[in-house]
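The values are calculated or read from the model by the stated rules, or taken from the named source; none is laboratory data. Since the model is a prediction, treat every value here as computed from it, not as a measurement. Cβ sites come from the backbone with ideal geometry, for glycine too, and all protein chains shown count toward neighbours. Areas reflect the complete protein model, heavy atoms only, side chains present, ligands, DNA and RNA absent. Shrake-Rupley method; radii C 1.70, N 1.55, O 1.52, S 1.80 Å.
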Amino acid sequence: PRQTLMPPVSLTVEESAEYASLSTQVNTLVDEMTIKFLTGEADLDQDWATFQSQLEQTGVNRMVEIYQAALARYYAR
């Protein structure tokens, strides 16, 4: 399959700060849940929807919005 790379977009100072903050929170959640899924402390089938909800509450959708805005600015050039 053909691989598509993200163009070299630039975040504003505000976007960058917000993204960094959200990224820390999301990465921590992903790391914690990965361990729980691997060790069996959390069940992948039963707990996946909760994990997805936690990601949304932590701001993963906002992270996507930030990059979508940067991508729109890139294509508007």
**Prompt:** Length gain on complete extension for the stretch Leu11 to Ala69, per 0.36 nm per residue less the alpha carbon to alpha carbon distance?
**Reply:** 20.0 nm
**Prompt:** With all protein chains present, how much of the accessible area of the chain (probe radius 1.4 Å) comes from carbon and sulfur, to the nearest whole percent?
**Reply:** 53
**Prompt:** Using unit Cβ charges (K, R positive; D, E negative) and no other charged atoms, how large, in debye to the nearest 20, is the dipole of the chain about its Cα centre?
**Reply:** 560
**Request:** Could you work out the relative contact order of the chain, using alpha carbon pairs under 8 angstrom and six or more residues apart, expressed as a whole percent?
**Result:** 53
**Prompt:** Under 5 Å between amide H atoms, partner at least 5 residues away or on a different chain: which partners does Ala42 have, H built in plane at 1.01 Å?
**Reply:** Phe37
**Message:** Using only the alpha-carbon atoms, how far is helix 44-58 inclined from the longest principal axis of the chain? Give it as 0 to 90 degrees, nearest 10.
**Reply:** 40
**Fill in**
GNM of the chain, Cα pairs under 10 angstrom: of Gln54, Gln46, Gln25, the biggest fluctuation goes to Gln46
**Item:** Förster radius 30 Å - calculated FRET efficiency between Gln52 and Ala76 (Cβ-Cβ, nearest 0.05)
**Value:** 0.40
**Message:** If you take every residue apart from Leu38 with its C-beta less than 12 Å away from the C-beta of Leu38, what net charge results, scoring Lys and Arg +1 and Asp and Glu -1?
**Reply:** -3
**Fill in**
Neighbours of Thr24 by Cβ distance under 12 Å: Lys/Arg at +1, Asp/Glu at -1, summed charge -2
**Message:** If you consider only alpha-carbon coordinates, what radius of gyration and Dmax does segment 1-74 have, in Å?
**Reply:** 15.1, 43
**Asked** Of Thr50, Leu11, Gly40, which is farthest along the charge dipole of the chain in the positive direction, counting Lys and Arg as +1 and Asp and Glu as -1 at C-beta?
**Response** Leu11
**Item:** Angle in degrees between helix 13-39 and the longest Cα principal axis of the chain, rounded to the nearest 10
**Value:** 20
